[in-house]
Each structure stands twice: as structure tokens, then as C-alpha cells.
Amino acid sequence: MAITGILSSPLVYDTWQYIARGTRYAPLFVNDYIKARPGDRILDIGCGTGVLLDYLPPVDYFGFDMSAHYISACRKRHGNKGTFLQRELTADTVSDYEACDIVVATGVVHHLDDAEARNLFAVAKAALKPGGRLLTLDGCYEAGQSRIAKMLLDKDRGKFVRMESGYRAIATSVFPNVASTVLHDMFRLPYTVIIMECST
Ligand SMILES: C[S@@+](CC[C@H](N)C(=O)[O-])C[C@H]1O[C@@H](n2cnc3c(N)ncnc32)[C@H](O)[C@@H]1O
């Protein structure tokens, strides 16, 4: 089985994420970047196995993923702590849900070509209340980054890993305000990530 097929198993995916991201990533991302308040309505596009929910305060959480395996793992792991839907969130389906305070998409944009990525940002914008925020996190190329980080990014399942400027060009075509941060030490393995916070 190809590595991409193996990673579609929630257990293998979580094990690989534990090795690569370590235990620091999720609480750091939740506490320093998502910064949710109790009661916030949060929509997680491409929620995977729902790891962020372990670290969020009590919120109204909606996790969407196209993978039935990941959604079933979310339901087993979190029960009714959130709502988990095996569904692709699109411009057509987003209006089925009430506007939310925060949209999160981690590890999603680098799987999408420019047109698909622009569409994802537009879907997120449509899902947000006025004053709401979108947080994205993806692998990122940067001149001079560690050779191991570059090698891991070259081998990623996502075929659209970009430089900071590439991600920002897409985000700013949809959101007027985009703050980006590039980090080299967020994961356990040498890796470079870009976090973007987008608001209207
Ligand atoms: C690499 S996984 C990332 C999972 C998780 N967020 C994480 O950081 O570990 C990307 C997931 O996004 C999902 N996905 C991508 N676009 C989506 C969309 N528009 N609606 C729902 N799920 C989506 C895919 O099914 C895939 O499982």
C-alpha cells in the first residue's frame, strides 16, 4: 500500500502525527493562535481525527471531514463533545450552518491547487460571523530551511506546499487582513509551518 493509503487509517495517521508533530504542537496552536473563548462556535474544516478538540475550552465544535474513517475516529474519541460530519464543506453546503466565531483548517491548504485553495478561503469567509477569524496551518518552504524539513515537505501527501508569499497571495485575494507566522520549531521533527490568521 502506498504511504498515502496507509495514512488514511486514523491509527496510523495519529501515530505518524505523534512522531512528527510531538505533543507540543496542538496545545501551542490552540492556546497561542486559535485562542477560543468558552462558548465560541468553531468550525474545523478537514478536522482529521479531531485532535484540536482535546485542548479547546468548552466550545460549540463542528468538525467536517470527507473521510468516513476520520469522522468515525472523531466520534469514538470525543463522543458528543462535538458534532462530527462526514461532509465536504463547500460554498453550497456552508450556508446549512450558523455563522461561527472561528474557522480552523490545519493541514488542508497544501493539498489544494490555487483555485481550490481560494475556494476554501471563500467558504471559510462565508462561514464566519462579522469579526470572526480563520486560522490555517500548513507546511511551508523557506530559503535556508533545514534539509530534513525540505525533504519531509517534498514527500508530503499534499502536492501544493508553497512559500509564505504563495500562501499569502491566495489568502489576501479573499481576506483583507492576513497575519502570517513561519515557525521552524513547532513540531518534534525538523519542519517548517506557516500559520495564517485571516479576518475581514
Ligand atoms: C491532512 S488531513 C489534516 C487533518 C487534520 N486537520 C490535521 O491537522 O491533522 C486533511 C483533511 O482535510 C479534509 N478536507 C479537505 N477539504 C475539505 C473540505 N472542503 N471539507 C471537509 N473536509 C475537507 C480531507 O478529507 C483530509 O482528511
Calculate how large, on average over all directions, the projected area of the Cα convex hull of region 97-174 is; give the answer in nm² to one decimal. 5.5
Determine the per residue accessible area of region 113-200 with all protein chains present and a 1.4 angstrom probe, expressed in square angstrom. 48
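Leaving ligands, DNA and RNA out of it, report the carbon-plus-sulfur percent of the accessible area of the chain at a 1.4 Å probe. Each step should come with its number before you reach the end.
Working: 5330 of 9670 Å².
Looking at the chain in its full context, I get 55 percent from C and S.
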Using the structure shown, select from LYS35/LYS81; LYS129/LYS155; LYS76/LYS150; LYS81/LYS150; LYS129/LYS150 the pairs with a Cα to Cα distance greater than 30 angstrom. LYS129/LYS155; LYS76/LYS150; LYS81/LYS150; LYS129/LYS150
Relative pair counts by distance (%), Cα atoms of the chain, 5 Å bins: 1, 8, 16, 21, 22, 18, 10, 3, 0, 0
Residue-normalised 222 nm signal for the chain, counting each DSSP H run of n ≥ 4 as -39,500 (n - 2.57), nearest 500 deg cm²/dmol, is -9000 deg cm²/dmol
Inter-centroid distance (Cα atoms) of region 90-143 relative to region 147-178, Å: 14
Whose amide H sits under 5 Å from the amide H of PHE84, counting only residues 5 or more places off or on another chain, with H placed in the peptide plane? GLY63
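Show me the GluC sites (Glu not before Pro) within region 95-200 that DSSP assigns to loop and that have at most 12 other Cβ atoms within 10 Å of their Cβ. Provide the component values of the computation, followed by the final result.
Working: sites: GLU98, GLU116, GLU142, GLU164, GLU197; in loops: GLU98, GLU142.
Answer in residue order: GLU98.
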Under the definition of Cα pairs under 8 Å and six or more residues apart, what whole-number percent is the relative contact order of region 3-199? 20
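The values are calculated or read from the model by the stated rules, or taken from the named source; none is laboratory data. Treat the numbers as computed from the prediction; the structure is a model and nothing was measured. In this analysis, Cβ positions are derived from the backbone assuming ideal geometry, glycine residues included, and neighbour counts consider all displayed protein chains. Side chains included, ligands, DNA and RNA excluded: accessible areas come from the protein's heavy atoms. Shrake-Rupley method; radii C 1.70, N 1.55, O 1.52, S 1.80 Å.
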